[in-house]
Amino acid sequence: IGRITGSDDKAAELTASMKQSIHEIQIRNSSKIKPDVYLEIYRDPLMSVSDKSFVGELIEIAGGNNVFDTLERDYSRVNPETVIAAKPDIMICFSQDNLPNILSRKGWQVIPALQDSMIFFEDSIDPDLIQRAGPRIIEGIMALEKIYEHWRTSTP
């Protein structure tokens with residue numbers, strides 16, 4: 001984009017700055033306990049992200065462990081039983097569902113994220129910050145990092 005707009009120097013500066021920020025975040029979180037994170041992008045059918053997806057990479061960069069390291073596709077359907085078995089510590093719900101509906105899902109009451117009230121919706125973290133590639137991903141990574149830190153300080 002920098003080349004197309006004639007802003008090569010600014011684009012190079014921004015790229016270097018973003019790479020530096022990502023590196024610093026990874027270093028800062030390298031020795032911390034990683035929460036298992038489930039990110040729901042759709043509810044009917046139930047869909048999540050793999051580690052190989054852009055969003056999955058951001059979950060990991062921020063210091064989390066995406067519960068779906070591999071899926072059929074980067075953004076793919078998941079089985080509710082697989083989510084339960086993954087026992088995520090944190091759930092990020094971008095599927096526009098609500099807490100009462102999620103709590104009423106069969107068997108989901110045993111998920112640590114729900115037991116410990118570690119479920120976050122669009123009002124807690126702006127989906128655009130981690131679902132759209134661009135300079136604001138640093139804000140998204142830092143928002144994820146803040147959620148993970150909340151988990152670390154709130155759970156025994």
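The values are calculated or read from the model by the stated rules, or taken from the named source; none is laboratory data. What you are looking at is a predicted structure, and each value in this text was computed from that prediction instead of being measured. Cβ coordinates were reconstructed from backbone atoms using ideal geometry, including for glycine residues, and neighbour counts include every protein chain displayed. For accessibility, only protein heavy atoms count, side chains too; no ligands or nucleic acids. Shrake-Rupley method; radii C 1.70, N 1.55, O 1.52, S 1.80 Å.
Could you list, in sequence order, all residues of segment 31-48 that are in contact (Cβ under 8 Å) with a residue 12 or more places away in the chain and over 30 Å from P100 (Cα atoms)?
K32
A quick yes/no check of all residues on (1) under 16 Å from the mean Cα position of the chain (by Cα); (2) under 22 Å from D126 (Cα atoms); (3) modelled with pLDDT of 90 or more; (4) not charged (D, E, K, R):
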| residue | (1), (2), (3), (4) |
| --- | --- |
| T5 | no, no, no, yes |
| Q26 | yes, yes, yes, yes |
| S31 | no, no, yes, yes |
| L39 | yes, yes, yes, yes |
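What do you reckon, is E145 under 23 Å from N29 (Cβ atoms), of a type in the set (D, E) and touching a residue at least 40 places away in the same chain (Cβ under 8 Å)?
yes
Where residues in segment 62-103 are hydroxyl-bearing (S, T, Y) and either open to solvent by 70 Å² or more (accessible area, probe 1.4 Å) or in contact with a helix residue (DSSP H, G or I) (Cβ under 8 Å, 6 or more places away or on another chain) (or both), which of them is farthest from K32 (Cα to Cα)?
Filtering first and then ranking leaves Y75.
Of a type in the set (A, V, I, L, M, F, W, C), exposed (fewer than 15 other Cβ atoms within 10 Å of the Cβ), out of contact with any Leu (no Cβ under 9 Å at 6 or more places or on another chain) and farther than 26 Å from F121 by Cβ, is that true of A16?
Against the criterion (of a type in the set (A, V, I, L, M, F, W, C), exposed (fewer than 15 other Cβ atoms within 10 Å of the Cβ), out of contact with any Leu (no Cβ under 9 Å at 6 or more places or on another chain) and farther than 26 Å from F121 by Cβ), A16 qualifies.
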